[in-house]
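**Student:** Let me give you the structure first, and then I'll get to my questions.
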Amino acid sequence: MRHLYLTFAAALSVVIIAQPGGLARAQPIPDPARQPAVLNPSGESDDLLRGTVAATGAEDTAEGPQGPDAGNSGLMLDADGFPIDPLDAMRVTVIETDQAALAARAQRPQVTPPGDQPSETDFVAERERPELEPLGLRAGSFIIYAEVEARVEATDNVFAVSTGRQGDVLYAVRPRLEARSDWGRHELVIAYEGEFGVYDEFTTENPEENEIRAAGRLDVSERTTLSAAASFTEDQEGRGSAETSDTAAEPTMRRSYGVLGEASHRISRLTASLRGGLEVEDFENSREAGGGIIDNSDRDQTETAIGGRLAYQVSGSTTVYGDGEYLWRDHDRALDDDGFARDAQRTTASVGAVFQPRAPIRAAIEIGFVHEDLDDPRLEALDEFTANATLAWAVTPITTVNAGFETGFDSTTIAGASGSVTRTVSVGVDHELTRNLVFSSLLSHEWNAYPGITLAEQTTNVSVDGEYWLNRHAALVGTYEHERQTTNDGTGTVSENVVSLGVRVRN
C-alpha cells in the first residue's frame, strides 16, 4: 500500500516545509524501515519521525563577541555550562574599533554578485531565483501563496494492463494553497493541494485527490523545540498495484489521517530527540466490473510509532546518529478475507551519517535492521537488513547529479505474504539551461518481493520534466514518463507512456 502523506521536517530548531513555488507531496508516517535519510537543503534529515540529523555551527556556542565563558577549571563552557571543543573556543573574532577605518568602510560601494551567475556549490533544484520567486499575499502575520496548474495528459495504457491496452486523454487541474506565518519566532504552515481531472473516454478512471496538512514549530528556547503536524489525504490506488483486484470497475479510493510530534534538545554538539506518530488508513469498497462489491475493509488499519534519535556533530560538515523505533499495526478486522491475522509489531534500529563538505557534494548513508512479528503464526517474521543512501553533486554551476538507494517495507493482504520489501536505485540530472528554463530527468529501478510467497516484481521508470518560467507568475510545464513493470506470476509485462503539457499560474 504505497501511499502519500505528510512530509514534515524537524531538525534541531527548524521545520523545513515545501517552498512556496511548489507544495511537497505528502508522505506516509515516516518509518526508518521504509524511508531513507533524505536531506533537505540544510543537510538535515527531512523526516519528523526519523529525528534529527543536522548539526548547528560552532558559533552557536559562543556568547557574544567576547567568546564563551570559562569555568574555574579553565575549560571553556557554553551557555548551558557544558564544556565545548577547545578548537572552537580558540576561534578569534576581530572587532574593528578605529573610527576612521569604519567610516572608510561605510563609503565603499557594495558589490553584489550578478543574479545570473550561479554558485559552484549551488544545487539546481534549490537555487534561489529572486526574480522568479512568488511574492504571495500578506494577510496579517501570514503570507498566502496560491497556485493553479492546468494540463492535458495523454496515456497509451489507461488501465495498466499487459494486453488489450487502451489510450485516453486526461484534462486535469491541480490547485495549491498555502498560508505561512511570518513571525520572528515559531512557525505555522497550513496547506491544501488537490487534483481533479476528466478522461475523454474512460471516465471511471477520473482522478480525484485532496490533501490538507498543517505543521508547526514552537521554539521553547535556542536549544529546545517542539514540533507537530497533522494531515488528511484522500486519493486513489494505482491500477498497477498488486493489492488491487483485476476485476474492479474503478480505482479504489483511500483516506488517511495522520498526526506527528517531536521534541528536540541540543547540548553543544549533541542533539537528542523523541518522536511519535499515529496514522489511520481507510479503504473504500470497490465495484466489480460485472456487478457486486469488493470488500476492502480487511485493509483498514492504524499504525502507531514511537522512536528516538541521538545525533552528534563530529565536525562542521559531518554528523553521525543512531536511531530506534517501535511500531505496532492494528487492523480493524481480526482476520483478512483469506483468514490471516495481520496485526504486527515492528522494531527498527539504524545508524547513519550525513556529509556536507565545502565541496559541492552532499551525501547521507544509513544502515539498519528491521524485525517484524505478525500475530498469525502461519506468516513468517520479517528479518531484513536495510541500506539507504543519497548523493547530490553539483558537477557544474548549472548541472546537478542526484543518486540514491532506498529500502522500504509495507504491509499487504496478499494471501500468504508477510509484507512487501522494496529496494530502489535511482539516478537523476537537473540542468539549468537558462535562469528560467530547467530540465530534470530521472531513471529508477525497483525490486519488490513478498516474503512468504514467490511473487516478485520489477519496475523501471524513466521521466523527463521541463519548466519554462515566463515571469514570476506563469510557467509552461511538460513531462514525459515511461514505466515498465514485470512480474514472475505469468501475467506479462505492463508498460505505459505518458506525455503532458500544461501551464502553471501563481500569485
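**Student:** Take the Cα gyration tensor of segment 148-302, multiply each eigenvalue by 5, square-root it, and list the three semi-axes largest first, rounded to whole angstrom.
**Tutor:** 40, 20, 13
**Student:** Something else: Which length gain, in nm to one decimal place, applies between SER495 and THR318 when the Cα-Cα distance is subtracted from 0.36 nm times their residue separation?
**Tutor:** Result: 59.5 nm gained on full extension.
**Student:** Restrict the search to segment 170-233; then list the GluC sites (Glu not before Pro) that DSSP places in a loop and that have at most 11 other Cβ atoms within 10 Å of their Cβ.
**Tutor:** Taking segment 170-233 and a limit of 11 other Cβ atoms within 10 Å, the loop GluC sites (Glu not before Pro) found are GLU201.
**Student:** Next question. Once phi is turned into ³J(HN,Hα) by the Karplus curve 6.51 cos²θ - 1.76 cosθ + 1.60 with θ = phi - 60°, what whole-Hz value does each residue of segment 136-148 show in order, with x for glycine and proline?
**Tutor:** In residue order, the calculated couplings are x, 10, 6, 9, x, 9, 10, 10, 9, 10, 10, 8, 9 Hz.
**Student:** So in segment 344-475, what percent of DSSP beta bridges are antiparallel if you round to the nearest 5?
**Tutor:** Of the beta bridges lying entirely in segment 344-475, close to 100 percent run antiparallel.
**Student:** Find the centroid of the Cα atoms in segment 387-429 and in segment 119-178, then give the distance between the two in whole Å.
**Tutor:** First find each Cα centre; the distance between them is then 22 Å.
**Student:** Shifting gears a bit: With r defined as the distance between the Cβ atoms of ARG185 and ALA272 and R0 fixed at 30 Å, what FRET efficiency is calculated, to the nearest 0.05?
**Tutor:** 0.90
**Student:** Now a separate question. Return the Rg/Rh value of segment 242-297, two decimal places, where both radii are evaluated on C-alpha atoms and Rh is the Kirkwood radius. List each step's numbers first, then the result.
**Tutor:** On the way: Rg = 20.4 Å, Rh = 14.7 Å.
Over the Cα atoms of segment 242-297, Rg/Rh equals 1.39.
**Student:** Calculate one ³J(HN,Hα) per residue across segment 252-266 by plugging θ = phi - 60° into the Karplus curve 6.51 cos²θ - 1.76 cosθ + 1.60, and present them in order as whole Hz with x for glycine and proline.
**Tutor:** 7, 8, 9, 10, 9, 10, x, 9, 9, x, 8, 10, 9, 9, 10
**Student:** Compute the Cα gyration tensor for segment 201-291, then decide on rounded, prolate or oblate, letting a ≥ b ≥ c be the square roots of its eigenvalues: rounded whenever a/c is under 1.5, prolate when a/b is larger than b/c in the other cases, and oblate in all that remain.
**Tutor:** prolate
**Student:** With the Cα gyration tensor of segment 375-441 giving a ≥ b ≥ c as the square roots of its eigenvalues, does the rule (a/c under 1.5 for rounded; else a/b larger than b/c for prolate; else oblate) give rounded, prolate or oblate? Spell out each step's value before the answer.
**Tutor:** Numbers: a/c = 6.77, a/b = 3.20, b/c = 2.11.
It is prolate, given that a/c is not under 1.5 and a/b is the larger ratio.
**Student:** Mind checking the dipole of segment 248-318: about its Cα centre, +1 per Lys or Arg Cβ, -1 per Asp or Glu Cβ, Debye to the nearest 20?
**Tutor:** That gives a dipole near 760 debye.
**Student:** How long is the gain from ARG165 to ILE453 if the chain were fully straight, where each residue apart is worth 0.36 nm and the alpha carbon distance is subtracted?
**Tutor:** Using 0.36 nm per residue and subtracting the Cα-Cα distance, I get 100.8 nm.
**Student:** Let me ask another. Counting alpha carbon pairs within less than 8 Å and at least 6 residues apart, what relative contact order, in whole percent, applies to segment 223-303?
**Tutor:** Numbers: 160 pairs, mean separation 23.4, N = 81.
Reported as a whole number, the value is 29 percent.
**Student:** Could you run the Karplus curve 6.51 cos²θ - 1.76 cosθ + 1.60 with θ = phi - 60° over segment 305-321 and give me ³J(HN,Hα) per residue in whole Hz, x for Gly and Pro?
**Tutor:** After applying 6.51 cos²θ - 1.76 cosθ + 1.60, I find 9, 10, x, x, 9, 10, 10, 10, 7, 5, 8, x, 10, 9, 10, 10, 8 Hz.
**Student:** Could you work out how far apart the two model spin labels at LEU476 and ARG333 are, taking each label as a point 7 Å from the Cα in the direction of the beta carbon, and quote it in nm?
**Tutor:** 5.1 nm
Any read-out appearing in this document is the output of simple, stated calculations on the displayed coordinates, not a laboratory observation. Predicted model only: the values in this text are computed from it and were never measured. When we count neighbours, we look across all protein chains shown, and the Cβ atoms used for this are built from the backbone with ideal geometry, even at glycine.
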